[in-house]
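Novice: The structure that follows is given in the form of structure tokens.
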Amino acid sequence: MNSKPTKNKETNNRKILEDFKSSWITDGFDSQTIEYCENFAKEIKNGDLTTSQIRNFFGEVKRIQMKGIQSEKNAFYMLKPKLAYTAKRANKPGLDLFKDLMSKAHQAVISNEENLEKKFKNYVDLLEAILAYHKAHGGN
């Protein structure tokens, strides 16, 4: 009987990842983006993801932003494997979902060199919106 809630959770997690639009990174936000961030934040909060876990990642992203994405490309590329390691080590469903979404957003940034600064800024904004909503909805 325990497998049914897990199955529903997995289906919901797949759906929330499928609803992500890479155009939010490449072209910018719209009202759907903000709604998505709020729903996503609620989902990861319920998956035991703590604000400090997001903040650790966010701190590294902000460091890259301060130095400039052009000079910090290697650090940006390394975010994906570092987050994968952290998620595997923590073994929390919310962190796995967060890793999967940030990997999709990461791919949208690096898909080509065109408008790299703009795409990176949208990546940072997406992360910031998720962090804000996570905290607003009672994330620890």
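The values are calculated or read from the model by the stated rules, or taken from the named source; none is laboratory data. It should be emphasised that the depicted structure is a prediction, and the values quoted were computed from it without experimental measurement. Backbone-built Cβ (ideal geometry, glycine too); neighbour counts: all protein chains shown.
Novice: Could you look through the stretch 85-108, keep only residues that are aliphatic (A, V, I, L, M) and in contact with a Ser or Thr (Cβ under 8 Å, 6 or more places away or on another chain), and pick out the one that is surrounded by the most Cβ atoms within 10 Å (Cβ to Cβ)?
Specialist: Across the stretch 85-108, the extreme among qualifying residues is Leu95.
Novice: Name the pairs: first residue in the stretch 43-65 and assigned to a helix (DSSP H, G or I), second residue surrounded by fewer than 16 Cβ atoms within 10 Å (Cβ to Cβ) and modelled with pLDDT of 85 or more, Cβ to Cβ under 6 Å, at least 6 apart or on different chains?
Specialist: Qualifying pairs under 6 Å: Lys45/His137; Thr51/Lys135; Ile64/Ala75.
Novice: For Thr33, indicate whether it is part of a helix (DSSP H, G or I) and either small (Gly, Ala, Ser) or at pLDDT 95 or above (or both).
Specialist: yes
Novice: Moving on to the next point. Among the numbered conditions (1) over 26 Å from Thr11 (Cα atoms); (2) touching a residue at least 40 places away in the same chain (Cβ under 8 Å); (3) among the hydrophobic types (A, V, I, L, M, F, W, C); (4) surrounded by fewer than 19 Cβ atoms within 10 Å (Cβ to Cβ), tell me where Phe29 comes up short.
Specialist: Among (1) over 26 Å from Thr11 (Cα atoms); (2) touching a residue at least 40 places away in the same chain (Cβ under 8 Å); (3) among the hydrophobic types (A, V, I, L, M, F, W, C); (4) surrounded by fewer than 19 Cβ atoms within 10 Å (Cβ to Cβ), the lone unmet condition for Phe29 is (1).
Novice: While we're looking at this one, here's another question. Condition test on Gly68, is it surrounded by 15 or more Cβ atoms within 10 Å (Cβ to Cβ), over 16 Å from Ser103 (Cα atoms) and not aromatic (Phe, Trp, Tyr)?
Specialist: no
Novice: Could you tell me whether the stretch 60-76 includes any residue that is within 20 Å of Ala136 (Cβ to Cβ) and modelled with pLDDT of 95 or more?
Specialist: yes
Novice: Next up: Confirm whether Lys21 is without any contact (Cβ under 8 Å) to a residue 24 or more places away in the chain and not in a helix (DSSP H, G or I).
Specialist: yes
One line per residue, one yes/no per condition, for (1) surrounded by fewer than 18 Cβ atoms within 10 Å (Cβ to Cβ); (2) among the polar types (S, T, N, Q):
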position	(1), (2)
Ser23	yes, yes
Ala41	no, no
Met78	yes, no
Pro81	yes, no
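Novice: Starting from the stretch 115-140, keep only residues that are touching a residue at least 60 places away in the same chain (Cβ under 8 Å) and crowded, with 22+ Cβ neighbours inside 10 Å, then list their pairs with residues that are acidic (Asp, Glu) and assigned to a helix (DSSP H, G or I) whose Cβ atoms are within a distance under 9 Å, requiring at least 6 positions of separation or different chains.
Specialist: Ile130/Glu38
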